[in-house]
Every structure is written in structure tokens, then in C-alpha cells.
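Below: the structure, in C-alpha cells.
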Amino acid sequence: MTSATQVTSEAVPQYAQVAVPVHLNKLFTYRLPPAVQRAARIGSRVIVQLGKKAQTGYIVALLPRLRSGTSLVESEIKNVQELLDVEPPLTREILEITRWVSDYYAAPWGEVLRAALPAGINATVEQTVSATPAGIKELGVLETNEQVGRKARALRLLADEGEAELNAFRLRTGGSKTPAWLSELEAEGLIERSYRTISSVTRAKRLKAARLIGNIEAQNQSSRARTTGAQRRVIATLQANQNEMAVVDLMKTARVSESAIRTLLKRGIIEEFEIPVRRDPLARANLPAAAELTLNAAQTSALNTVTTAMSKNSFAAMLLHGVTGSGKTEVYIRAMGAARAQNKGALMLVPEIALTPILSRRLRAHFGNEIAILHSSLSKGERFDEWSRLRTGEARVALGTRSAVFAPVRNLGLIIVDEEHDTSYRQEESPFYSARDTAIVRAQKQSAIVVLGSATPSLESFHNAQSGKFHYLHLPERIANRALARAEIVDMRSAFARHKRPVILSDELLAAIEETRARGEQTIILINRRGYSSFILCRSCGESIMCPNCEVTLTFHRADRTLVCHYCNHRERAPSECPAFGSKYIYYVGEGTEQIEDVLRKRFSNLRIGRIDRDTKTRRHEFEKTLLDFNKGEIDLLVGTQMLAKGHDFPNVTLVGVVSVDAGLALPDFRAAERTFQLITQVAGRAGRGDKPGRVLIQSYHPEHYVLRQAAAQDFQGFYNEEIRHRRNHAYPPFVALALLLVRHKDASRARMLALDLKTALIENNRDNLCRILGPAPAPLARLRGEHRIQILIKSRSRKQLRKVINDALKQLEADSKDLRAVTVEIDPVSMM
């Protein structure tokens, strides 16, 4: 790919290099029509034709002429069809960091640029067809010839309507596919195809407003006899509101109809104009008081280190390792305040939307309208407005989830990555990237400070801190010297022996919930599976119901009695009998959040119980209300998945129950132990954050596992020492670089053949044997969304050599005309599934 280059003011660009969001890692050159040559800017969006389809693309370079040595043929270069922006939405800094993401993660630049912009801003395009002047002239001749009646009817339809959307036109002329005669009409110049943008793109919202004009006193004197009471109320209301108001507010405040305003408009007493309206996601939020807390010595030292480094205007990466409840968030807020005091922007990333309702209100209380919120649960309009406020500099502090790493924060001085260990920072579909690692590189490129915070840092980050690559900041104690919650492991083998059957909730946990309720305190129950039951089993034939698209069982959701695939979202009604043999003996196996909630409601009818998981997350306001109600003490017990384990501060929670962690330890992934330790330690940290001691009960059938022992002791250093030894012995990160190549195809045999070709190309290009190539082998999830999946794992101590081998192998396959759209490259994968 060619680097983006700015064109001098003297050289009028003739061509544009455009990144198109398709799964091809290359740029495309288009000719700029004279009408847009001077208006085109690097970072602007354009409509271009790629193959037979029109796409939104992004200008990344402007060229006064074709570069020498290019293989492009002038006559084959297509024109840019439409320029969508006069003011480019993509800044130089965002173009630079997205280019790095594209290069490092082998991701198509166009896909990365699309991910960097708010949803809804990208135009969608439809293809249209219309009759040419020659076609209308020919229409009279064709209508007299019965053999070409269909052509004549098509031309008549276009002549009458002017232009038609292609798919609708095909249906009206009697076919779902483009007929040969339509292509013939196009070849004869009788019709032409073109493209138009669909006007559903998100834009700034504007409202009609009214303004008093001229000499107001004179207008009042001259018009008093002729104006009605309603009209006088309009004038008085405008005078009381700096002479202008939104019409909808004016009508409400003055208690008038629109006719009174229309009359004043006609008489020239007021004028009408439009005002931009911000769609504020926190417009109706109750904000907490911005309390001034006293920092302890460790917090003060960490804050001083960050602010001193920030004043030097140079890059530094820091790991803030603080136990749960040690006051990391207060350090973040003070550091962002210091950035603003130095007239710098700040960006804070959180891994889950679940963290934003309470935290966003707290930051709004501190920073007012300078804070912008960016996450996928906002409406498209809200996201566009918040992004636009950052783009214009109206907002200087951003809070958001993964894609907010591309937020256009001006004069960026500080990036904070809270819960930096969390796998949610990894984009698990194309374009693959890690927001945490991207944040580090963005800070480096913009001479900013990046702070990675966690109570359970990733092994890679802690290793970087131990080796001196990151500055290490430590908060070893909870604020106010509060004790960490006391953790106990409940041996579920003993529970099974007592009850002579599997039980979901142990006697110890049930008794602890009752004791906690009696003290007026709150409980969190964690189970990292949603739904009611993991799968349905026929006890007569032993069959379970599988997803038709994926090699996984369907999860039972009892609320609407559906079976759901949590990978492709396939849904079907839960059967009352075995679909294969008609047996009535249907058995529901395993438990999820829905079942735990149901069991607890039946056992504790006097408890106010809520649930948080991805099913409730889709209903934004219900999701936020549940978290806010729990924070206010209006819910006694909250059941949830790992969303509850991350960063929440609920002072009245004194009991945490972990229902099942054994499944996580058994996953075929070298990070399984690390994730389980992090999950338990994080959720344990929700207990005892107030003035009352906390207690954690961890249920397991493997109570002797080293991960559970270290998690119960909340001994991160002990876990790190044990786990890093395993990583070193088996050559896993941070001691090697990893790449996961995934071949996906609906045809299993074609997937296997392409995987074998890829393995051959990798071996042929691994001439120095600096890479270890494992596979190909079926992925643990061997079929997803209708595609068979085969993976190849590559390890190397030389990251540069690993990338060279992969790049050369892919170029070799491309030269052999292999379909690279079926190959996905993941650099530094976080999941091996």
C-alpha cells in the first residue's frame, strides 16, 4: 500500500487513492471529475464503483498524476461518483493510527476506517436505471415490434418514471435476476445505470427556532393594538429568553399554537431559523455530587508520576496495578483533570457498556459538557452528536468502549485503558485489532501518556512492567485501609454427596445470602452463562438440539421459550417432545443466569432480585436502570455474567457468590487459567468496598486447582509466577509472537484444500525456520455461521520474521489465484476458539 500524501495547493489533484471497506488489503485508484478536484480532501468520504457495486470509500491520498511505473491503464480507471464531505470526518491523526492498525493486524484499511467512524455516518448506496435520450427516441420504434415487447415495456416504464431502483425495476418487469435483454439495452446505449446515496445517513439534528428582529420596543408599541394576547405572550417569552427560542419550546412556554407564531412571522416581527440540537445521552440523568476525596500516599504518588510525565509532552506507558477498591478511578479522574489544566484532551476506555452508566454520570459531574460518551448502546444520532462534539473541539474528554480508541480528541495528552486485561478490547471480527495495544501506539504517535489500569493485569502487560518497558505504579491497599474480602472455596463434591444429586447453589451460599439479607446488605451472584439451560437433551435417544449453522448446541431461554445460538443468533421454538423420535422425556441440562434468577426468586420471595447479561444489555434503558437501582440499594441481589465483575463500585455489597468456574478452566485455550483467575479476583473485588467486611464463596468441583487457590487468596504475584513458568516452558506469549490463520468456507473440502495450500506456502516461505507452524487442524468451534473453520497457528520469537512469512505466503497464494477472502489473519489473538 502507498502512504497517504498531501498535495500542494498548486497541484490540482487528478486522482484519488481510496480505501474501500472490503476484505481486500489494497488501495484503489479513481479519477477525480473536474467538479470535485479542488474540493476533494484527504480523509473525505466518496462514492466509488468497485466491480459492479457502489461503495462508500475514504480518500487516503490525492495524486496530481499517476505514479511512474504503475500498472494502471488510464482508460480502465473509473471516476469517483460522488464526494460526500467538504470537511473531512477523518483527521490526520485518525488516518495515521488506522493505517498502523491496518499494517500491524493485516486488516483492510477501509474496514478499519469504517470502524473508526460512528455508526450511521457511512452512506449506503443503491443502483438505479434510467432511459437515455436515445432510448426514449427508440421507444416509438420498439413499441411497434411485438418481438421486443418486453424491452419496449421496460423503456416505457423508465420514460414515465424517469429513474427506478434496480431491484424494484427487475421485480416490476417480471424477474429477480437481471435479464439478458436489460444488459442488451444498456450495451445499445438505450438505458444507463447509476448510483445514488440513500438519505438515511445520520446527520446533525436541527430544530426550527424564532427570533425577535428590529427595534423590539418600537415593535411592541406599534403592534400592541393589533396583536392578540397569544401573540403578545410570544413576544414576551422571546424577550425573557434572549430574544430567541426553539419553536417547540416557545409554543410550550408561551402556551400558544403555531398560528400565533406564523402571524408574527408574516408581519416581520419575528424571523424563523434553524438551530442545532444535541442528542445528549445524559440529558435526563441524575448526576452525583462531584465529591472531593482525599488521596492516600500511593494514589498521590501515582497521580504525580502521571501528571509530571504529561507535562513533558513526550510518550510514556504506565501500568497502574491496584488491588480492587484501591481508588484507581479517582486517580484517572484527577489525571484527566490535569490534562485539561494543561489544555490537553483525554480519552478513557472501558471494556464494557455496563461500566458506563454510573461512570459517565460521575465524569459528567466533574467535566460538565466537556465529556463525550461513545458506545454502541447509544442511538445513532447520539453517537454522531457526541463524535461531532469531539471533532469540533466542543468536547475535550471522551469515555467509551473499544472503538472509542479512534475518537477524534483534539490535542490528546492522556489515554486511560481501564481493566486493561479484559478481552473485550479485542475486536473478534474483521477488522481484528486490540484497542489496548492501539491506544499505546496512538499515545506514542501523539506524544501522549497512556495508563493501563487493572487489579489483575494481563500477563503481557505485567511482564512489560517487570522488564521496564512500562512504568510500574502500584496501589497495594484499598482506600481507607479496608480489608480485602475473605474468600472461601466451596467443594461441590461434598454438596453432591450430601444431596445425592447435583445442586446449583450450595447450602453454604444459600445460608450466606440469607444472612446478608438479614443485615440489610447486598449480594452479587456470578455465573458466566446466560440463558436458562445450556442445552436440551432427549433422555430416550440421547440427542441434543444443535444449531443448523454452527457446531454448538442451542441454549434454552425460558422467558420466551426459545432455543438460541449465541454465535449466529439462530432462534427456534423449544420443543415439547424430541424432534427426532417424539419422546416426551426432554431434559434441560446446565444452568444459566435465567435459571439462577428463577431459583433464587423461589427460594427468597422477599428479596428484590435483578439480572444483568447480554440479553438485558440489548434493552439499554432497562439495563441502565437495573445497575442504577442496584447502586441506590433498590435491588437486594443481582445475578449476572462477567459484566458484573468489571470495575463496579457498590458500597453495600458484602457477599459475592461464584456459581461455576470449572467450565472456563477446561477450555482449549492457553489463556484459560489467566481468564479464570481474573474473573474470580475481579468479581471478588465487588465485595466489601464500603465500611463493612466482604465475603466471597467460590463453588467448584476442582477446589485444589492452583488458579482457585491463588484467586481465593487474591495473590496476583503468586499466580503470575506460576503461570509465567508455564508460558515460558510451552513457548506462549509474552515469550513468543503468535498469529492465528483461520480458513473459512461453506464447503468443508474447499476449506481443507485452501488450508493445505496455505500451510504449504507458509513452509516454503519459512526458509530460516524461525517460525513454528502448527496445523492445519479444525478449530475448537469447527463450524460457525454456516462456515467450516480450519486454523493454523504460527509461533516465532521474531515478530518481524513472523509477519514476513505470513505476508509472503499470502502473496504467493494471491499469485496462484487462491481466494484470500476465505483467509482471516489474527495477529496476537486473544482467543484460540
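Quick notes
- The residues in the range 466-515 that are on the phi < 0 side of the Ramachandran plot, open to solvent by 50 Å² or more (accessible area, probe 1.4 Å), without any contact (Cβ under 8 Å) to a residue 60 or more places away in the chain and among the small types (Gly, Ala, Ser) can be counted, and the count is 3.
- For residue 772, the criteria (1) part of a strand (DSSP E or B); (2) among the basic types (Lys, Arg); (3) open to solvent by less than 60 Å² (accessible area, probe 1.4 Å) hold in every case but one, which is (3).
- Residues that are open to solvent by 20 Å² or more (accessible area, probe 1.4 Å), over 19 Å from residue 647 (Cα atoms) and outside any helix (DSSP H, G or I), drawn from the range 377-394: 379, 393, 394
- Pairing residues of the range 94-106 that are open to solvent by less than 10 Å² (accessible area, probe 1.4 Å) with residues that are among the small types (Gly, Ala, Ser), at Cβ distances under 7 Å and at least 6 apart in sequence or on separate chains, gives 94/116; 98/116; 101/107.
- Residue 359 meets all of the listed conditions (1) under 23 Å from residue 338 (Cα atoms); (2) buried (at least 24 other Cβ atoms within 10 Å of the Cβ) but one, namely (2).
- Single condition residue 372 does not satisfy, out of (1) in a helix (DSSP H, G or I); (2) among the hydrophobic types (A, V, I, L, M, F, W, C); (3) touching a strand residue (DSSP E or B) at 6+ places or on another chain (Cβ under 7 Å): (1)
- Some residue of the range 801-819 being free of Cβ contacts under 8 Å to residues at least 24 places away in the same chain and on the phi > 0 side of the Ramachandran plot: yes
- Screening the range 211-286 for helices (runs of 4 or more DSSP H) wholly inside it with 1 or more residues that are modelled with pLDDT of 85 or more and β-branched (Val, Ile, Thr) returns the ranges 229-239, 247-254, 258-266.
- Restricting the first member to the range 533-562 and to residues that are at positive phi, and the second to residues that are open to solvent by less than 80 Å² (accessible area, probe 1.4 Å), the beta-carbon pairs closer than 8 Å and six or more apart or on different chains are 561/574.
- Test: residue in the range 733-748 that is without any contact (Cβ under 8 Å) to a residue 40 or more places away in the chain and over 21 Å from residue 434 (Cβ atoms): no
- Any chance residue 731 is in contact with a helix residue (DSSP H, G or I) (Cβ under 9 Å, 6 or more places away or on another chain) and at pLDDT 90 or above: no
- Screening residue 567 with (1) out of contact with any helix residue (DSSP H, G or I) (no Cβ under 6 Å at 6 or more places or on another chain); (2) part of a helix (DSSP H, G or I); (3) within 19 Å of residue 643 (Cα to Cα); (4) at pLDDT 85 or above gives one miss only, at (2).
- Counting only helices (runs of 4 or more DSSP H) that sit completely within the range 614-671, those holding 1 or more residues that are without any contact (Cβ under 8 Å) to a residue 40 or more places away in the chain correspond to 614-617, 620-631.
- Verdict on residue 227 being in contact with a helix residue (DSSP H, G or I) (Cβ under 6 Å, 6 or more places away or on another chain), farther than 30 Å from residue 330 by Cβ and of a type in the set (S, T, N, Q): no
- Sole residue being out of contact with any Gly (no Cβ under 7 Å at 6 or more places or on another chain), in a helix (DSSP H, G or I) and open to solvent by less than 30 Å² (accessible area, probe 1.4 Å), chosen from 781, 741, 813: 813
- Residue match in the range 604-613 (condition: part of a strand (DSSP E or B), in contact with a Gly (Cβ under 7 Å, 6 or more places away or on another chain), β-branched (Val, Ile, Thr) and open to solvent by less than 20 Å² (accessible area, probe 1.4 Å)): yes
- Residue, modelled with the lowest pLDDT, within the range 291-308, restricted to residues that are assigned to a loop (DSSP other than H, G, I, E, B) and open to solvent by 50 Å² or more (accessible area, probe 1.4 Å): 291
- Residue satisfying condition, being modelled with pLDDT of 95 or more, of a type outside the set (S, T, N, Q) and within 25 Å of residue 455 (Cβ to Cβ), within set 509, 484: 509
- Qualifying positions in the range 266-284 - closer than 29 Å to residue 411 by Cα and either in contact with a strand residue (DSSP E or B) (Cβ under 9 Å, 6 or more places away or on another chain) or in contact (Cβ under 8 Å) with a residue 40 or more places away in the chain (or both): 275, 276, 277, 278, 279, 280, 281, 282
- Filter result for the condition that a residue is among the aliphatic types (A, V, I, L, M) and under 21 Å from residue 593 (Cα atoms), over 475, 484, 510, 459: 510
- Lone qualifier among 725, 689 - being without any contact (Cβ under 8 Å) to a residue 40 or more places away in the chain, open to solvent by 30 Å² or more (accessible area, probe 1.4 Å) and of a type in the set (Lys, Arg): 725
- Residues of the range 765-778 that are modelled with pLDDT under 95 and of a type in the set (A, V, I, L, M, F, W, C): 770 alone.
- Considering the conditions (1) modelled with pLDDT of 90 or more; (2) open to solvent by 70 Å² or more (accessible area, probe 1.4 Å), residue 10 is excluded by exactly one of them, (1).
- Verdict on residue 596 being under 26 Å from residue 727 (Cβ atoms) and open to solvent by less than 10 Å² (accessible area, probe 1.4 Å): no
- Restricted to the range 402-423, and to residues there that are open to solvent by 20 Å² or more (accessible area, probe 1.4 Å) and within 11 Å of the chain's Cα centre (by Cα), the residue that is farthest from residue 675 (Cα to Cα) is 403.
- Scanning the range 447-465 for residues that are among the polar types (S, T, N, Q) and either without any contact (Cβ under 8 Å) to a residue 60 or more places away in the chain or surrounded by 18 or more Cβ atoms within 10 Å (Cβ to Cβ) (or both) yields 454, 456, 458, 461, 464.
- Odd one out for residue 122 among (1) in a loop (DSSP other than H, G, I, E, B); (2) open to solvent by less than 40 Å² (accessible area, probe 1.4 Å); (3) on the phi < 0 side of the Ramachandran plot; (4) modelled with pLDDT of 80 or more: (4)
- Residue check, residue 756 over 30 Å from residue 684 (Cβ atoms) and open to solvent by less than 50 Å² (accessible area, probe 1.4 Å): no
The values are calculated or read from the model by the stated rules, or taken from the named source; none is laboratory data. Keep in mind that what you see is a predicted model, and the values were worked out from it rather than measured. With ideal geometry, Cβ positions are generated from the backbone for all residues, glycine too; neighbour counts draw on all protein chains shown. What goes into the accessible areas is simple: the full protein's heavy atoms, side chains included, and nothing from ligands, DNA or RNA. Shrake-Rupley method; radii C 1.70, N 1.55, O 1.52, S 1.80 Å.
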